[in-house]
Every structure is written in C-alpha cells, then in structure tokens.
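Enquirer: Shown below is the structure under consideration.
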Amino acid sequence: MSYQTIKVDTRDGLCVVTQDRPERLNARSSQMYAEMIAAFEAADADAEVCALLLASSGDAFCSGMDFKNEYQHAYTVLPEDSEHVAAIKAEFPADDPMTAVVGLAKRFVQAFIRFEKPLIAAVNGAAVGEGFSSILHCDLVYATPNAYFWAPFARAGAAPEFCATVLAPRRLGPTLANAALYFGRKIDVHEAHGAGFVLEILERENFLDEVEKRLQEGLALAGPPELRASTLRSFRALVYSDEERERLYLQADREFDLVQQRVRSGETDLVRQYYASQLPS
C-alpha cells in the first residue's frame, strides 16, 4: 500500500510507520490522519505484525496539527489514495466540512486507543502538541538527546487532546503533567527519562536502527514466532481493557467538545490575535 505523507515498512514482525513530512516538521494534516489510521488498522489486522513502531523523517518527531492543513482532504478522495484511505474518508460527509474534519480527527485519536498490539515511539526531536499527547498512548518511548515534549495548547487557543488530561499524569506524574498542560512547560528528554516516560535516550546517529535492534531483541523473547503476535495482543488487552478504552473514548470526546467550544466562542481567534500582537513589528 502506498501513501503520500507516511512510509510503512514491515520486517520481522515489526511494522514501522514513519511520519514523512519533514518540510513541515511532520505536522499532521487531514491526509496524514487518514493515512495513519489506515496504516494502524492494517498493522492490527496483519497476523505477521507483532508490534508497531511510530517514527519520523527529518529532525522533528511531530510539531502537532498543521495549521496550514488542507482540510478538504478529510473528505475528498485523491487519485493517489488507496482503497483503505478512500474508505476512511468516505465515512465523513463531504457536504458538511466541519463535521468531516472533526470526525476524522476523532477517528485518528481512536486509532491509537483501539490499537491492540504493543505501540512504540522513536522520538528523534521535538514532540509538540498532539505530537506529544499522541505518544502518551505508546507502551515504550525511545528518544534522542535533543528531544523534548511540549503541550502549548493554551497558547494555540486549543485544548488538551489525545486523552492527555488523563494519560499525562499517569505517564509523567501529576506535578510534571500539570506544569506541562496548564502552563506549557517544555519537558526535556532527561526530565522525561527521569519520570519514567522515556525508556532510553539513544544517540541521533543510527537512532532508528538502534531502536529497531532493541525491539527485535525483545520480540525474540516473546515466544516462538508463530505465537508472538497473539501473545502480545493478549497481554496488551490486559493493560488496556475494554472498560479502559471506553473511558478513554469518553475523555477524548470531552476534550474535543472543549476545542469546539473555544472555536465557536471566538476564544481561539482571540488567543491567536493576542500572540500575533506580541510579535515585534
């Protein structure tokens, strides 16, 4: 399956999904949402895939949602789209663009919550906004020394997303999470490692190769090859029960409601105007 904004490669039971918009610091567009949903669902359905590694091209992991997003790609099928991507876009009404854009964004969050196999992130630089909050769903996080995690939702006139209001305190501890979510504190890789969020800090040279090496070593210890996928799926089902997933779906909806409320009330525009006025003339 070919994609325009990501690359997907599966080898020895590990599916590597690489966010591939380095010119935009891997900011996520509606097109990337649809393609990542398709890649996650394909990996989940593939009996040969034991785990998924989320990585990035270039010097940043993900700079969040792309504010120059071509929103029509949430519901417009492009000639290059695969059948799977086209089917995802077809779920949303082309005659109601706002509903389509929000619906696809919700579906994107749900793809992380629904994923049934181990999910790992290789963070090679800045993880900002949803670039940070999305990897709160990952079971393991590896990072380079220059990586940092930043949740400037208030500054962007948005609201926390990807269940960050629930998962950040669990993954970082309540104090550090509150500083990040309320006051936009940047968390450097050493703080994240000390909090137990980042498993290991690896040098930038050959970073992805080193992460894959460690994961393959781990997969080799997960039983015979023909049982690994089912074994790891069953283990993750104990960590993320159906009840836990339902709680996360509800929290994600609450967060989206706040985002839409701020947009409708004009708060988002006021915030952006305020910060634009602070720029030197």
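Computed from the coordinates by the stated procedures, all read-outs in this text should not be read as laboratory data. Please read all numbers here as calculations on a predicted model, not as lab measurements. Cβ sites come from the backbone with ideal geometry, for glycine too, and all protein chains shown count toward neighbours.
Enquirer: Whole Å is fine, so just give me how far the alpha carbon centre of the stretch 221-247 lies from that of the stretch 132-199.
Expert: After rounding, the separation between the Cα centres reads 25 Å.
Enquirer: Same structure again: Work out the FRET efficiency for residue 226 and residue 45 from their Cβ-Cβ distance, taking R0 = 25 Å, and round it to the nearest 0.05.
Expert: Once rounded, the FRET efficiency stands at 0.90.
Enquirer: Right, here's the next one. Which net charge results for the neighbourhood of residue 157, defined as the other residues with beta-carbon distances under 15 angstrom from its beta-carbon, given Lys and Arg at +1 and Asp and Glu at -1?
Expert: Within the 15 Å Cβ shell, the charges total -1.
Enquirer: In nm, to one decimal, how far is the residue 271 label point from the residue 195 one, both placed 7 Å along Cα→Cβ?
Expert: Distance between the two pseudo-spin positions: 1.9 nm.
Enquirer: Another one. For a quick check, take a GNM of the chain with Cα springs below 10 Å and name the residue from 118, 224, 79 with the largest mean-square fluctuation.
Expert: 79
Enquirer: Where in the stretch 57-163 are there chymotrypsin sites (Phe, Trp or Tyr not before Pro) that are in a DSSP coil and have at most 13 other Cβ atoms within 10 angstrom of their Cβ?
Expert: Hits after loop and neighbour filter: 67.
Enquirer: Moving to a separate point now. Going by how many other Cβ atoms sit within 10 Å of their own, how do 73, 193 line up, fewest first?
Expert: Result, fewest neighbours first: 193, 73.
Enquirer: Another one. Report the paramagnetic label zone for residue 10: residues of the stretch 65-86 whose backbone N is under 19 Å from a point 7 Å from Cα along the Cα-to-Cβ axis.
Expert: 82-86
Enquirer: Pop a pseudo-label 7 angstrom from the Cα along the beta-carbon direction at both residue 216 and residue 59 and give the gap in nm to one decimal.
Expert: Going by the 7 Å Cα→Cβ label model, 2.9 nm.
Enquirer: How far apart, in nm, are two points set 7 Å out from the Cα along the Cα-to-Cβ line at residue 243 and at residue 68?
Expert: Modelled inter-label distance: 4.8 nm.
Enquirer: So, one more: Strictly over 27 Å apart at the Cα level, which of 7/186; 68/106; 117/186; 106/213; 7/117; 89/213 would you flag in this model?
Expert: Those over the limit are 7/186; 117/186; 106/213; 89/213.
Enquirer: Here's a follow-up. Counting other Cβ atoms within 10 Å of each Cβ, which trypsin sites (Lys or Arg not before Pro) in the stretch 1-106 have at most 10 and sit in a DSSP loop?
Expert: Counting only loop positions with at most 10 other Cβ atoms within 10 Å, the trypsin sites (Lys or Arg not before Pro) in the stretch 1-106 are 68.
Enquirer: List the extent of the Cα atoms of the stretch 164-281 along each of their three principal axes, largest first, rounded to whole Å.
Expert: 60, 39, 24
Enquirer: Would you please put 258-267, 39-48 in order of how densely packed they are, using the mean number of other Cβ atoms within 10 angstrom per residue and starting with the highest?
Expert: Packing proxy ranking, top to bottom: 39-48, 258-267.
Enquirer: List the relative contact order of the chain as a percent without decimals, with contacts defined as Cα pairs under 8 Å and 6+ residues apart.
Expert: Averaging sequence separation for qualifying contacts and normalising by length gives 17 percent for the chain.
Enquirer: Restricting to DSSP loop positions (anything but H, G, I, E, B) with no more than 12 other Cβ atoms inside 10 Å of their own Cβ, which GluC sites (Glu not before Pro) remain in the stretch 196-231?
Expert: Here the sparse-neighbourhood loop sites are 203, 205.
Enquirer: Pull out the extension gain between residue 209 and residue 90, defined as 0.36 nm times the separation in residues minus the alpha carbon to alpha carbon distance; nm, one decimal.
Expert: Full-extension gain reported as 39.2 nm.
Enquirer: Same structure again: What's the exposure ranking of 113, 135, going from fewest to most Cβ atoms within 10 Å?
Expert: By the 10 Å Cβ count, ascending: 113, 135.
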